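The values are calculated or read from the model by the stated rules, or taken from the named source; none is laboratory data. Note that the coordinates shown come from a computational prediction; the quantities given were computed from them, not determined experimentally. Using ideal geometry, Cβ is built from the backbone for each residue, glycine included, and neighbour counts are taken over all protein chains shown. Quick note on the areas: whole protein, heavy atoms, side chains included, nothing else; ligands and nucleic acids left out. Shrake-Rupley method; radii C 1.70, N 1.55, O 1.52, S 1.80 Å.
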Amino acid sequence: MANVQKSDAEWRAELTPAEFHVLREAGTERPFTGEYTDTETYGTYQCRACGAALFESDTKFHSGCGWPSFYQPITVTVRYIEDKSLGMRRVEVRCANCDSHLGHVFDGEGYGTPTDQRYCINSISLKLDEA
């Protein structure tokens with residue numbers, strides 16, 4: 001169960017309409033439009049909704065998919081949900097602290113990362129803390 005629990009009205013008051021759509025309604029931003037798609041700045045990527053630390057910049061890589069890609073989250077900061085939408089089987093990634101939608105994780109795509117995983121995360125779900 002998420003630590004941060006708010007009503008839709010509370011989330012709408014804190015988030016922009018686009019942020020609310022992705023984070024709270026499991027939407028997706030258009031590819032190659034996000035703030036962090038090509039960012040190489042050092043720091044920690046946090047959940048835009050609650051500020052929980054999710055990914056370190058040294059786990060980010062260029063996949064060419066149009067969204068920021070990471071090969072692993074920070075320990076137990078995310079949770080997973082089976083997603084059968086769009087006529088396919090995927091694994092949705094959510095913030096474990098506030099249950100906000102972040103993106104999806106894919107296995108075995110051959111990117112050569114240490115985990116052979118690609119966490120495909122919406123930029124709008126993230127906030128970079130440049131440390």
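Kindly indicate whether S125 is free of Cβ contacts under 8 Å to residues at least 12 places away in the same chain and within 27 Å of A9 (Cα to Cα). Taking the combined requirement at face value, the residue does not satisfy it.
Select from region 67-96 the residues that are small (G, A, S) and either buried (at least 16 other Cβ atoms within 10 Å of the Cβ) or touching a helix residue (DSSP H, G or I) at 6+ places or on another chain (Cβ under 7 Å) (or both) and write down the one among them that is farthest from L126 (Cα to Cα). If we take residues in region 67-96 being small (G, A, S) and either buried (at least 16 other Cβ atoms within 10 Å of the Cβ) or touching a helix residue (DSSP H, G or I) at 6+ places or on another chain (Cβ under 7 Å) (or both), then A96 is farthest from L126 (Cα to Cα). Number of residues in region 7-29 that are in a loop (DSSP other than H, G, I, E, B) and in contact (Cβ under 8 Å) with a residue 12 or more places away in the chain equals 5. Among the residues of region 47-90, those identified as of a type in the set (V, I, T) and either under 27 Å from E14 (Cα atoms) or free of Cβ contacts under 8 Å to residues at least 12 places away in the same chain (or both) are I74, T75, V76, T77, V78, I81. Please work out if F20 is open to solvent by less than 60 Å² (accessible area, probe 1.4 Å), in contact with a strand residue (DSSP E or B) (Cβ under 6 Å, 6 or more places away or on another chain) and either closer than 24 Å to G108 by Cα or aromatic (F, W, Y) (or both). No: the conditions fail for F20. Would you call E130 touching a residue at least 24 places away in the same chain (Cβ under 8 Å), among the charged types (D, E, K, R) and surrounded by 18 or more Cβ atoms within 10 Å (Cβ to Cβ)? It is false that E130 is touching a residue at least 24 places away in the same chain (Cβ under 8 Å), among the charged types (D, E, K, R) and surrounded by 18 or more Cβ atoms within 10 Å (Cβ to Cβ). Residues of region 58-68 include none that is closer than 23 Å to N3 by Cβ and either of a type in the set (F, W, Y) or in contact with a Lys or Arg (Cβ under 9 Å, 6 or more places away or on another chain) (or both).
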